[in-house]
Amino acid sequence: MSFDSLGFAPDLLPLLARALGQAGIDAPSPVQREAIPPLLAGDDVLIRAPTGSGKTAAFALPLLQRCAQAGRCSAQQLHALVLVPTRELALQVADTLIQLGSQLSQRPRVVTAIGGVSINPQLMALRGGAEIVVATPGRLLDLVQHNALRLETLSALVLDEADQLLALGFGDELAAIEALLPARRQTVLVSATLPDRIAALARRLLRAPHLVEADTDAHAAPDITQRAIEVDPSQRTALLRHLLQLEGWTQALVFVASHHTADTVADKLARNGIGAQALHGTLTQGRRVQVLRAFQGSGVQVLVATDVAGRGLDIPALPLVVNYDLPRAAADYTHRIGRTGRAGARGTAISFFNAASEAQLRLIEKRQQVRLTRERIAGFEPSEAAPAPSVIGDHNGGIKGRRPSKKDKLRAAQAAAKPD
Ligand code: AMP
């Protein structure tokens with residue numbers, strides 16, 4: 001199957017196909033096959049798909065056709081708004097739009113509106129007019145307040161990684177944005193998971209949506225080998241080094257619970273001759289982009305990231321994801337391991353756990369409907385005894401069913417502050 005039969009306008013199809021070819025994409029992924037026709041027809045679509053399924057191009061291509069057909073916007077107007085939870089994802093979505101729109105005779109102007117950098121260049125860019133704005137919610141509202149944008153002029157809205165938008169606490173900003181939207185619009189909601197609050201959001205925002213689910217096609221399921229290794233917390237960095245060397249991983253994305261751990265682990269690896277860098281929310285935006293580019297360009301072998309920073313990362317052919325700390329929310333596990341095994345490539349996800357975090361691992365297994373074989377690595381066998389039930393889960397800041405108390409959080413922060 002090719003992109004020819006999805007309903008693109010005949011005059012635009014060859015231009016989009018050329019850009020797709022340049023991006024190395026020659027056939028639509030299952031999500032694209034199912035989502036593009038209703039989107040081109042103007043319908044609302046709810047897409048349940050993780051990163052790596054081709055979801056970005058699935059909504060980007062119809063947006064590009066819409067812009068090409070609607071013509072230029074003047075200042076304050078826009079055709080389409082893509083809301084994303086993180087700055088990194090905003091940059092990646094904007095890159096995809098620019099890349100896939102590069103062959104159109106009138107390339108849509110894409111403005112990225114993200115926090116953590118000066119607002120002035122964004123104000124300037126919008127003054128010149130933009131057809132598509134890719135934004136994080138807070139900065140978008142700032143721009144609206146500056147009269148740089150009028151949301152009632154848009155005709156298409158995308159909420160990408162909507163579950164993360166809510167998980168990161170953007171509920172209030174979303175409500176404020178919702179109040180400014182025009183009633184007549186096309187809306188796309190993309191989410192890796194569809195918990196109740198996303199279903200409620202979808203009911204509010206979407207009209208008679210088509211539901212597209214990434215894994216309705218078994219072949220689309222990413223090929224990820226999941227492993228669980230039991231190891232004492234104090235041995236994790238040494239074990240990570242050992243695995244990188246012994247198993248010859250060329251690149252790895254390592255998830256940790258705090259920015260402090262990210263710095264400590266990256267430093268330790270670097271001191272042992274492994275090209276490693278930390279990526280977390282307290283770095284400046286410029287530094288984050290620099291680290292990401294180095295990792296994408298293979299200048300850095302290991303990226304040690306917190307969840308927020310690691311979301312939205314798109315590194316083609318990333319072979320390995322390591323959960324140095326298990327994620328506290330089982331849904332984050334899906335997001336983390338979805339960074340590997342992308343677009344048909346093979347991937348491996350290794351989770352470190354110990355007696356204190358095994359309950360959390362079991363919860364993740366239940367959600368994933370998998371049962372992972374517990375591995376122990378020679379020379380790194382755990383020495384800890386199983387904890388009393390009352391402290392199960394404390395290592396990761398609490399388990400599901402019980403919200404972590406302040407004390408839990410403090411303990412988790414202290415544990416995370418001691419990576420070795
Ligand atoms: P996503 O995060 O789901 O948008 O997936 C993005 C990754 O999948 C990028 O590396 C794209 O280049 C790649 N991709 C998107 N669509 C396709 C496709 N139809 N075939 C192969 N790779 C694709």
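Taking the Cα centre of the range 3-217 as origin and charging only Cβ (+1 Lys, Arg; -1 Asp, Glu), how large is the dipole, in debye to the nearest 20?
Values: 18 positive and 21 negative charges, 136 e Å.
With Lys and Arg at +1 and Asp and Glu at -1, about 660 debye.
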Please list, in chain and number order, the residues 5+ apart from Glu213 or on another chain whose amide H is under 5 Å from its amide H, with Hs placed from the backbone.
Arg48
Run the numbers on the range 222-375 and let me know its relative contact order in percent, using alpha-carbon pairs under 8 Å that are six or more apart.
36 percent
From the square roots a ≥ b ≥ c of the eigenvalues of the alpha-carbon gyration tensor of the range 3-217, which class results: rounded (a/c under 1.5), prolate (a/b over b/c), or oblate?
oblate
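When DSSP assigns beta bridges and you keep just the ones with both residues in the range 222-375, what percent turn out antiparallel, to the nearest 5? Don't jump to the answer; show the numbers that get you there.
Numbers: 0 of 26 bridges.
Around 0 percent antiparallel, to the nearest 5.
Return His259, His146 ranked ascending by Cβ neighbour count within 10 Å, so the fewest neighbours appear first.
Exposure proxy ranking, most exposed first: His146, His259.
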How large is the dipole of the range 126-202 about the Cα centre if only Lys and Arg carry +1 and Asp and Glu carry -1, each at its Cβ, rounded to the nearest 20 debye?
300 debye
Suppose every K and R has +1 on its Cβ and every D and E has -1 on its Cβ; what is the size of the dipole of the range 222-375 about the Cα centre, in Debye to the nearest 20?
240 debye
Identify, among Gly347, Thr51, Thr306, the residue whose Cα sits farthest towards the positive end of the charge dipole of the chain, taking +1 on the Cβ of Lys and Arg and -1 on the Cβ of Asp and Glu, with the dipole about the Cα centre.
Thr306
Between Ala162, Met1, Ile315, whose Cα lies farthest towards the positive end of the dipole of the chain when Lys and Arg beta carbons carry +1 and Asp and Glu beta carbons carry -1, centred on the Cα centre?
Ala162
Crossing angle, helix 285-296 versus the chain [Cα axis fit, 0-90 degrees, rounded to tens]:
80 degrees
Looking at the range 140-215, which trypsin sites (Lys or Arg not before Pro) are DSSP coil and have at most 15 other C-beta atoms within 10 Å of their C-beta?
Arg150, Arg184, Arg207
Within the set Ala200, Ala130, Ala349, GNM on the chain using Cα springs under 10 Å gives the largest fluctuation to Ala200
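What value does the chain have for Rg/Rh, both radii from Cα atoms and Rh as Kirkwood defines it?
Working: Rg = 21.8 Å, Rh = 22.3 Å.
When Rh is taken as the Kirkwood radius, the ratio is 0.98.
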Which residue fluctuates the most in the chain, going by a Gaussian network model with Cα springs under 10 Å, if the choices are Ala175, Ala317, Ala19?
Ala175
With the Cα gyration tensor of the range 38-128 giving a ≥ b ≥ c as the square roots of its eigenvalues, does the rule (a/c under 1.5 for rounded; else a/b larger than b/c for prolate; else oblate) give rounded, prolate or oblate?
oblate
When only Cα pairs under 8 Å and 6 or more residues apart are kept, what is the percent relative contact order across the chain?
17 percent
The chain, Gaussian network, Cα under 10 Å: of Lys366, Lys55, Lys268, the residue fluctuating most is Lys366
For the chain, take the longest principal axis of its alpha carbons; what is the angle in degrees between that and the long axis of helix 13-22, to the nearest 10 within 0 to 90?
30 degrees
Quick one: angle between helix 87-100 and the longest Cα principal axis of the chain, in degrees between 0 and 90, rounded to 10, please.
50 degrees
Sort the following peptides by mean Cβ neighbour count (other Cβ atoms within 10 Å, averaged over residues), highest first: 111-123, 42-54.
42-54, 111-123
Using each residue's phi in the range 66-78, evaluate 6.51 cos²θ - 1.76 cosθ + 1.60 at θ = phi - 60° and report the 3J(HN,Hα) Karplus result to the nearest Hz, with x for Gly and Pro.
4, 5, 4, 7, 8, x, 6, 9, 8, 3, 6, 8, 7
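Readers should treat all values here as calculations from the given coordinates under stated rules, not as data from a laboratory. Quick caveat, the model's predicted, so the values are computed rather than measured. All Cβ positions, glycine included, derive from the backbone under ideal geometry; neighbour counts span all protein chains shown.
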